[in-house]
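The values are calculated or read from the model by the stated rules, or taken from the named source; none is laboratory data. Remember, predicted model here, so these are calculated numbers, not experimental data. Cβ coordinates were reconstructed from backbone atoms using ideal geometry, including for glycine residues, and neighbour counts include every protein chain displayed.
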Amino acid sequence: MTPPLPVLSTAGVAAGYGAGDIIRDITIDVTPGEVFTVIGPNGSGKSTLIKVLAGLVRTRVGEIRLGAIRLTHLSAPQRVSTGVAYVPQEFNVFPNMTIGENLKVSTEFLGREQQATLEQRERVLAMFPEVAKRLKLRAGLLSGGQRQMLAFACAMMAAPKVLLLDEPSAGLSPKLVGEIFDKIETLNASGLTVFIIEQNVKEALRIGDRVMVLVNGSIRLMATPGEITAKHDLHKLFLG
Amino acid sequence: MIAQVVLNGFVTGMIIALPAIALTLTYGILKFPNFAIGAMLTVGAYFAYIANAWLHLPLVWAAVLAAVALAITSVGVDRLVFQPLRERTAITLLVASMGVSFVLENVARFVLGNSARSFEVAIARPQRYFELRVNMEQIYTAATALSAMLAIYIILRHTALGRAMRAVSDNPALAAVRGIDRERIARWMWVIAGVLTAIAGVLAGLDRAIDPLLGWNYVVTVFAAAILGGLGNPFGAVLGALTLGVVEETSTLLIPPNYRQVVSFCAIAFLLLARPQGLLGSVRVKR
């Protein structure tokens with residue numbers, strides 16, 4: 001039986017800013033419905049990797065695919081249309097727009113049928129009732145955790161195949177971190193593939209189906225959380 | 001007397017408001033101050049003059065043609081000059097816009113010469129309302145400018161394009177990952193800027209003679225209005241323009257008219273010391 005086509009894959013990707021590469025030789029296959037987490041020390045290239053997948057940073061070498069679709073030369077807006085949704089770590093909502101406007105603007109330029117958009121909006125509002133209650137509120141008035149939920153909701157408006165999350169728990173209290181990861185699990189339970197980069201190693205290991213350790217821009221290890229905790233010293237891995 | 005001066009200032013402010021909105025939209029979306037705004041105003045006035053005086057169209061239709069022509073010109077200039085420099089610094093783009101300004105002005109001079117021209121419109125007697133003298137040109141200016149501002153308000157607040165423009169202005173990277181193509185929004189921004197500036201050119205051409213330096217009479221005040229209102233905020237640009245218009249006109253009660261712009265800049269200097277983000281701008285936090 002042939003294995004399913006990876007929903008998101010990279011082959012030998014290298015990228016960076018300026019002269020040097022921040023990440024190199026990144027080859028990943030993310031299976032449909034998986035929670036794939038990336039951990040690593042500060043400066044390991046995690047943010048660069050997720051921005052490359054989102055289309056915000058150009059790939060210098062290698063290829064990126066969403067299923068059978070080649071993403072490598074597609075712009076960030078084009079990738080959203082194909083099914084890649086990205087939630088940045090910070091500045092992830094438009095603070096001067098209302099919550100309702102933030103949701104609207106997330107689909108208006110995707111070329112989708114209005115009926116499909118309305119149906120997806122209803123699904124998203126049902127998934128995020130805390131967002132649905134405050135549609136006329138300016139997003140800039142939300143707390144950190146509420147903004148994160150709104151950012152997730154906006155990403156889900158595009159009905160993505162893959163959700164890219166950039167350190168979703170950054171700057172949040174332990175209680176809110178729990179709520180955020182509960183929401184991620186709920187989204188994944190509906191079949192959504194989730195790709196997360198995370199500084200919170202404990203949550204990354206708890207939620208991930210597979211974990212990739214990125215150090216100095218290269219893959220140091222890729223394994224299940226069980227294998228990592230049983231066989232490897234993360235401290236040594238991080239310090240290289 | 002004061003009421004007359006305030007009224008005159010208000011109407012002058014409305015002429016300034018339209019290119020100030022255009023300037024602030026450009027700054028908000030493309031993050032550079034477009035120095036060519038004055039030359040664009042001049043070219044808009046000339047397009048309307050050609051349609052009105054050469055093709056004998058009524059001024060309203062001449063203004064419509066001028067708006068379309070300047071919108072196309074603006075998109076073309078962006079494609080040729082600004083788009084290749086999109087990722088450069090704001091200073092580079094500002095200098096490029098200075099070059100565009102000189103080219104546009106001198107193309108107008110080459111085609112139409114240096115002579116002062118005026119629209120072919122019927123001369124109408126001023127009206128009197130409550131001791132105030134109101135010219136027909138002032139009534140047309142107010143009605144046209146208010147209609148244009150209302151249209152901009154509706155576009156920005158109640159349309160998908162307006163939401164996308166606000167999104168790109170706020171955070172271009174986030175807008176991109178929400179499916180909004182900045183280049184597509186930039187093209188529409190130039191269309192709107194071209195229409196607004198052409199209308200301002202027609203209104204300016206009603207107020208004074210049309211010559212290659214028409215825009216220079218307004219460029220500094222337009223910049224001042226946009227800065228006063230808070231760069232990137234179209235509603236602030238309107239407030240800044242109306243404020244400057246009234247301040248400039250009322251200053252003529254005390255000082256010779258030649259010095260009125262000095263008064264405006266003193267008012268701006270004082271305001272920016274007290275509130276550097278402008279009247280309606282938001283404080284930018286550096287992280």
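One line per residue, one yes/no per condition, for (1) closer than 30 Å to A:LEU103 by Cβ; (2) in contact with a strand residue (DSSP E or B) (Cβ under 6 Å, 6 or more places away or on another chain); (3) without any contact (Cβ under 8 Å) to a residue 12 or more places away in the chain; (4) within 14 Å of chain A (Cβ to nearest Cβ):
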| residue | (1), (2), (3), (4) |
| --- | --- |
| B:ARG86 | yes, no, no, yes |
| B:MET98 | no, no, no, no |
| B:GLU105 | no, no, no, no |
| B:ALA160 | yes, no, yes, yes |
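With respect to the conditions (1) out of contact with any strand residue (DSSP E or B) (no Cβ under 7 Å at 6 or more places or on another chain); (2) in contact (Cβ under 8 Å) with a residue 12 or more places away in the chain; (3) buried (at least 17 other Cβ atoms within 10 Å of the Cβ), B:LEU57 lacks only one, and its number is (2).
Among the residues of the stretch A:102-123, just one is in a helix (DSSP H, G or I), of a type in the set (Val, Ile, Thr) and out of contact with any Lys or Arg (no Cβ under 6 Å at 6 or more places or on another chain), namely A:THR117. The set of residues in the stretch A:60-101 that are outside any loop (DSSP other than H, G, I, E, B), within 14 Å of another protein chain (Cβ to nearest Cβ) and charged (D, E, K, R) comprises A:ARG79, A:GLU101. In summary, B:ALA143 fulfils each of the numbered conditions (1) within 14 Å of chain A (Cβ to nearest Cβ); (2) of a type outside the set (D, E, K, R); (3) surrounded by fewer than 24 Cβ atoms within 10 Å (Cβ to Cβ) with the single exception of condition (1). Residues that are aliphatic (A, V, I, L, M), within 14 Å of another protein chain (Cβ to nearest Cβ) and either under 14 Å from the mean Cα position of the chain (by Cα) or part of a strand (DSSP E or B) (or both): does the stretch A:27-50 have at least one? Yes, there is a match, as at least one residue in the stretch A:27-50 is aliphatic (A, V, I, L, M), within 14 Å of another protein chain (Cβ to nearest Cβ) and either under 14 Å from the mean Cα position of the chain (by Cα) or part of a strand (DSSP E or B) (or both).
Residue count for the stretch B:177-208 under the criterion of being more than 14 Å from chain A (Cβ to nearest Cβ), more than 15 Å from the chain's Cα centre (by Cα) and at pLDDT 95 or above: the result is 0. Here B:VAL168 passes the criteria (1) within 14 Å of chain A (Cβ to nearest Cβ); (2) surrounded by fewer than 17 Cβ atoms within 10 Å (Cβ to Cβ) except the one numbered (2). Restricting attention to the stretch B:209-231, does a residue exist that is within 14 Å of chain A (Cβ to nearest Cβ), surrounded by 18 or more Cβ atoms within 10 Å (Cβ to Cβ) and touching a residue at least 24 places away in the same chain (Cβ under 8 Å)? Yes; the residues of the stretch B:209-231 include at least one that is within 14 Å of chain A (Cβ to nearest Cβ), surrounded by 18 or more Cβ atoms within 10 Å (Cβ to Cβ) and touching a residue at least 24 places away in the same chain (Cβ under 8 Å). When B:THR243 is tested against (1) exposed (fewer than 15 other Cβ atoms within 10 Å of the Cβ); (2) closer than 25 Å to B:GLY44 by Cα, only condition (1) is not met.
Screening the candidates A:ALA158, A:ALA153 for the property of being in a loop (DSSP other than H, G, I, E, B), within 14 Å of chain B (Cβ to nearest Cβ) and buried (at least 17 other Cβ atoms within 10 Å of the Cβ) yields one hit, A:ALA158. Restricting attention to the stretch B:127-136, does a residue exist that is modelled with pLDDT of 90 or more and of a type in the set (Phe, Trp, Tyr)? Within the stretch B:127-136, none of the residues are modelled with pLDDT of 90 or more and of a type in the set (Phe, Trp, Tyr). Taken over the stretch A:101-124, the residue count meeting the criterion of being surrounded by fewer than 17 Cβ atoms within 10 Å (Cβ to Cβ) and of a type in the set (A, V, I, L, M) is 2.
Let's see how each residue does on (1) surrounded by fewer than 17 Cβ atoms within 10 Å (Cβ to Cβ); (2) at pLDDT below 90:
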| site | (1), (2) |
| --- | --- |
| A:ALA189 | yes, no |
| A:GLN199 | yes, yes |
| A:LEU205 | no, no |
| A:ASN216 | yes, no |
| A:ILE219 | no, no |
| A:THR229 | yes, yes |
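Looking at the stretch B:117-198, the helices (runs of 4 or more DSSP H) lying wholly inside it that each contain 2 or more residues that are within 24 Å of B:GLY245 (Cα to Cα) sit at B:136-158. The residues listed here are A:LEU172, A:LEU176, A:LEU164; of these, the one that is over 19 Å from A:PRO225 (Cβ atoms) and assigned to a helix (DSSP H, G or I) is A:LEU176. Look at the stretch B:256-267: where a residue is hydrophobic (A, V, I, L, M, F, W, C) and a partner is surrounded by 17 or more Cβ atoms within 10 Å (Cβ to Cβ) and at pLDDT 75 or above, sitting 6+ places away or on another chain with Cβ atoms under 6 Å, you get B:VAL263/B:SER251; B:ALA267/B:VAL247. Any residue at all in the stretch A:56-74 that's crowded, with 23+ Cβ neighbours inside 10 Å and without any contact (Cβ under 8 Å) to a residue 60 or more places away in the chain? Yes: one or more hits.
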